[in-house]
Amino acid sequence: MTEAIRVRNLNKVYRKFNQGRVKAVDDVSFAIPEGEVFGFVGPNGAGKSTTIRMLIGLLTPTEGSVRVAGVDVIAHPRRVREAIGYMGQRVSLYRGLTLYENVEFYGGLHGISGRDLEARWGALRERFELADAEKH
């Protein structure tokens, strides 16, 4: 099976004033196959958000390698963001819009419309078994 994510020996060290070096992520390695649902669980300060930021190319690791959707995240951080979706802790859906309207809105922000948007909506609906009533 193809891997959606591969992380090898990932480390992130911050230099903090008056604290010296602080290791936020310490030698993390894992692989996630395509289609697998995966989550990070742990206490505050465990490095979950830092790891995710490195996976999506918002932070550069101190050491290690990261591949997401076949993209070397360290070499091509912008390219990986074109291939994935990420929603942080604060949910970014507009409550006054239906799910489809939210997809349409965010698709428009990324230049996705017309047939391409409809094809992607169909794939999402099929994947998550969303009712047709959600569209309008």
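Look at (1) part of a loop (DSSP other than H, G, I, E, B); (2) under 18 Å from THR2 (Cα atoms); (3) of a type in the set (Phe, Trp, Tyr) and you find that PHE30 fails only one, number (1).
Annotation: of all residues in the stretch 59-68 being open to solvent by 60 Å² or more (accessible area, probe 1.4 Å) and in a loop (DSSP other than H, G, I, E, B), the one that is farthest from ASN11 (Cα to Cα) is THR60. Is it the case that TYR94 is in a loop (DSSP other than H, G, I, E, B), within 14 Å of the chain's Cα centre (by Cα) and not hydrophobic (A, V, I, L, M, F, W, C)? No: the conditions fail for TYR94. Assess whether GLU118 counts as being touching a residue at least 12 places away in the same chain (Cβ under 8 Å), acidic (Asp, Glu) and open to solvent by 40 Å² or more (accessible area, probe 1.4 Å). It is false that GLU118 is touching a residue at least 12 places away in the same chain (Cβ under 8 Å), acidic (Asp, Glu) and open to solvent by 40 Å² or more (accessible area, probe 1.4 Å). Among all residues of the stretch 51-58, there is at least one that is in contact (Cβ under 8 Å) with a residue 12 or more places away in the chain, in a loop (DSSP other than H, G, I, E, B) and open to solvent by 60 Å² or more (accessible area, probe 1.4 Å).
Criterion applied to ALA31, ALA24, ALA46, ALA4 was being small (Gly, Ala, Ser), free of Cβ contacts under 8 Å to residues at least 24 places away in the same chain and either open to solvent by 90 Å² or more (accessible area, probe 1.4 Å) or out of contact with any Cys (no Cβ under 6 Å at 6 or more places or on another chain) (or both), and the one residue passing it is ALA46.
The values are calculated or read from the model by the stated rules, or taken from the named source; none is laboratory data. Worth saying up front: this structure is predicted, and the values here are computed from it rather than measured. Counting neighbours? That spans all protein chains shown, and the Cβs are built from the backbone with ideal geometry, glycine included. What goes into the accessible areas is simple: the full protein's heavy atoms, side chains included, and nothing from ligands, DNA or RNA. Shrake-Rupley method; radii C 1.70, N 1.55, O 1.52, S 1.80 Å.
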